[in-house]
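Everything on this sheet refers to the single structure shown next.
The values are calculated or read from the model by the stated rules, or taken from the named source; none is laboratory data. Since this is a predicted model, take the numbers as computed values, not measurements. Positions of Cβ are backbone-derived with ideal geometry, glycine not excepted, and every protein chain shown enters the neighbour counts.
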Amino acid sequence: MKLAYSLASPFARKIRIAAMELGLFDKIEFIVPIKAVPVTENEEYVRNVSPLRKIPALILDSGQVIVDSYVIAEYLDELAGGGKLIPASGPAKWQVKTDHSILQGMLDALLLCRYEKMLRPPEFLWAGWADDQFKRAWDGLARYEAHPDVLTRPLDIVQIGIVCVLGYLDFRFPDCGWRKAFPKLDVFHEKMMQRESVKTTLPPPA
């Protein structure tokens, strides 16, 4: 298998953590494509991997391509025997899928906020829109701060998703003050940082 990814992508970090935790890391060849950010064309990436130009994308030995970080995580979980990071069935499965969708939306909002400030010409910057995107992610953090049971159960894809959100905040929004605002998430993050999979997948210095 090959994983097209970026060292800076929190979505790709999620897959790298999951692969390590599932014992599949050594079975994946990690390839870094040409930057697939908005307004950057990459014909080879579009043609061979995904017309959406989004990463991560998992390319199987058969040539089949699996996209979306949750779908990739689900594939790896099944490959490792199933039910390890994602419950196999029942109410727990649907709660995990729902929580993960919220976390996915939080990361999407943070990326949109980042792109607004990084790529849009300053004279066209829509500060109110960017602030609203950031607040969506912030409100999501408040949700998990208020439900610490999510933070203390055995490791699953939701906890991996949370740590990737917090890591992305440290990476791109280092002065946002999330640790002071969400002390339970801070304790959770420090505990997660003791895991080799979390430590070794930190994004590079900004």
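Kindly evaluate Leu112 against the criterion of being out of contact with any Cys (no Cβ under 8 Å at 6 or more places or on another chain) and not assigned by TED's automatic domain parsing to the domain that holds Cys164. It is false that Leu112 is out of contact with any Cys (no Cβ under 8 Å at 6 or more places or on another chain) and not assigned by TED's automatic domain parsing to the domain that holds Cys164.
To keep it simple, each residue is scored yes or no on (1) in contact with a helix residue (DSSP H, G or I) (Cβ under 7 Å, 6 or more places away or on another chain); (2) over 21 Å from Leu7 (Cβ atoms); (3) surrounded by fewer than 13 Cβ atoms within 10 Å (Cβ to Cβ); (4) among the β-branched types (Val, Ile, Thr).
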position: Pro121; (1), (2), (3), (4): no, yes, yes, no
position: Leu141; (1), (2), (3), (4): yes, yes, no, no
position: Leu169; (1), (2), (3), (4): yes, no, no, no
position: Pro183; (1), (2), (3), (4): no, yes, yes, no
position: Glu190; (1), (2), (3), (4): no, yes, yes, no
position: Met193; (1), (2), (3), (4): yes, no, no, no
position: Val198; (1), (2), (3), (4): yes, no, no, yes
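Of all the numbered requirements in (1) without any contact (Cβ under 8 Å) to a residue 40 or more places away in the chain; (2) outside the structural domain of Gln104 (by TED's automatic domain parsing), Thr201 misses one, and that requirement is (1).
Condition test on Leu85, is it surrounded by 13 or more Cβ atoms within 10 Å (Cβ to Cβ) and part of a loop (DSSP other than H, G, I, E, B)? When the stated conditions are applied, Leu85 passes them. Of the helices (runs of 4 or more DSSP H) lying entirely inside the stretch 9-79, the ones with 1 or more residues being modelled with pLDDT of 95 or more and not hydrophobic (A, V, I, L, M, F, W, C) are found at 10-21, 69-79. Residue selection: Asp132 satisfies the criterion of being outside the structural domain of Glu21 (by TED's automatic domain parsing), in a helix (DSSP H, G or I) and free of Cβ contacts under 8 Å to residues at least 12 places away in the same chain.
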